[in-house]
Every structure is written in C-alpha cells, then in structure tokens.
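Read through the structure below, which is laid out as structure tokens, and then see the notes.
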Amino acid sequence: MAQTIKSAVAEALEDLKKEDFEKFCHQLLDRRQQPRVKRNKVEDKSRLQVTDVLVSTFTEEGALTVALEILKQIGCSDEAKELEEATGGKSSKPAPTDTSSESAGAAGGSNAAGGKHFVDKHKLQLIKRVSNIAPILDELQDNEVIDQGQYDRIRALPTAQDKMRELYSGPLGAEKCKDIFYKILLANEKFLVNELREQD
C-alpha cells in the first residue's frame, strides 16, 4: 500500500545529504510560482518542519509535485524516483478531473458535497467578496489561464465584481484552470477562502 504523501516527502528529505537538503531549501525559496515560501519558514528548520511547511503551503498533493520538481532540479533524480514510487506515482499524471477524494486533494477545492469544485460552489461569494484582483489576474496570466488580450480586457473593467464575472464567463471553464485559480485565491485571499471552506 502506498505511503501517505506527507510521510513519503518527510522520508525523502530525511534521506538527503546535508548539502542536498540545503540545495533543496534554497530552490524552494527561489520558486517564482505562487504561493511563495517565506525564508523564515525554512531557514534553520528541521526536515520534518520543512515537510510541514510544504504541506501547509501547497496541500499534500501540491507538496509532492513541488518536492519532485525540486529534487530533479538539484540532481537528486534517484530520490525523486523513490518518492514517486513510494506515493504510488500520484504525480506522474495530471490531477484527475473526476469527483474522487484524490481529485479533492489535488485541487484543494473539489471537496464540496457532490464533488462540486470550490470555485463553482462559492461563485457568488467569490464574485462579491474578492477585492485583491490585480495580483490574481497577474498570476492567472503567468500560469497561462488567461492570455494578454483577456488580461487587458478584464483589467479595463471598472469594478472587482465585473472582473470576477468576466473570469467566470470564460477562462475558468476547464478543471485545471479552476485548480490554478483556487491556489492563487488561497495565496491572495486566504482568509476569505478559509471562511468559505468552513461552510462546506
């Protein structure tokens, strides 16, 4: 039976040589994608503490993806392969788009009753209450969820609510785009997302 993701990631970090673990932490801090990890969360921390930071920042499924990505970047391909095998190869394919619990873990937001995605279930509240829209649009463009034309058109709309409605009217149709949007929301509107998740 495959290990839990968290325990497998912790074990992989425990197995790294000291210099490789330092490289891992350096690469983690250097990641440009959101959500970013703050230096004080990683510096002088144990391998178990860094595992906790990975899971709390990216969710378990995201932590596995990030850990594998960084292990390969620092030349620890064997360790990456062992980690992938220990977790049943969960990251070797894109996150499923069905309503299983694994999909919920991958998306972080597909865990509502009936399998409805977080960004769909809470559409009205998100349209009404998301205010920090500029960095969200920047990151959606950076992740290729929206192109330059869509970005310019949405930015030109007068209110945050109008911008959110326009996002929902087209770019957020695909499940993968919803997953990306959810992670960006978590980084920029964390308290709102947590409040809405408590209602699920």
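The values are calculated or read from the model by the stated rules, or taken from the named source; none is laboratory data. The structure displayed is predicted, hence computed values, not measured ones. Virtual Cβ from ideal backbone geometry, glycine too; neighbours counted across all protein chains shown. Just the protein is used for accessible areas: all its heavy atoms, side chains included, with ligands, DNA and RNA removed. Shrake-Rupley method; radii C 1.70, N 1.55, O 1.52, S 1.80 Å.
Here the range 16-35 is the region considered, the condition is being of a type in the set (D, E, K, R) and closer than 27 Å to GLU189 by Cβ, and the residue that is least open to solvent (accessible area, probe 1.4 Å) is ARG31. Could you grab me the full set of residues in the range 119-140 that are modelled with pLDDT of 90 or more, open to solvent by less than 80 Å² (accessible area, probe 1.4 Å) and over 15 Å from ALA187 (Cα atoms)? Correct list: HIS122, GLN125, ILE127.
Here THR99 meets the list (1) modelled with pLDDT of 85 or more; (2) not in a helix (DSSP H, G or I) almost entirely, failing just condition (1).
Residue-level check: of (1) at pLDDT below 90; (2) surrounded by 15 or more Cβ atoms within 10 Å (Cβ to Cβ); (3) under 18 Å from the mean Cα position of the chain (by Cα), ALA86 misses just (3).
Which of the residues spanning the range 1-37 are modelled with pLDDT under 90 and not in a helix (DSSP H, G or I)? The answer is MET1, ALA2, GLN3, THR4, ARG31, ARG32, GLN33, GLN34, PRO35, ARG36, VAL37.
Picking from residues in the range 36-49 that are within 19 Å of ILE5 (Cβ to Cβ) and among the polar types (S, T, N, Q), the one that is most open to solvent (accessible area, probe 1.4 Å) is GLN49.
Summed over the range 141-179, residues that are open to solvent by less than 40 Å² (accessible area, probe 1.4 Å) and outside any loop (DSSP other than H, G, I, E, B) total 12. Of the residues making up the range 102-118, those that are open to solvent by less than 60 Å² (accessible area, probe 1.4 Å) and either of a type in the set (A, V, I, L, M, F, W, C) or modelled with pLDDT under 50 (or both) number 9.
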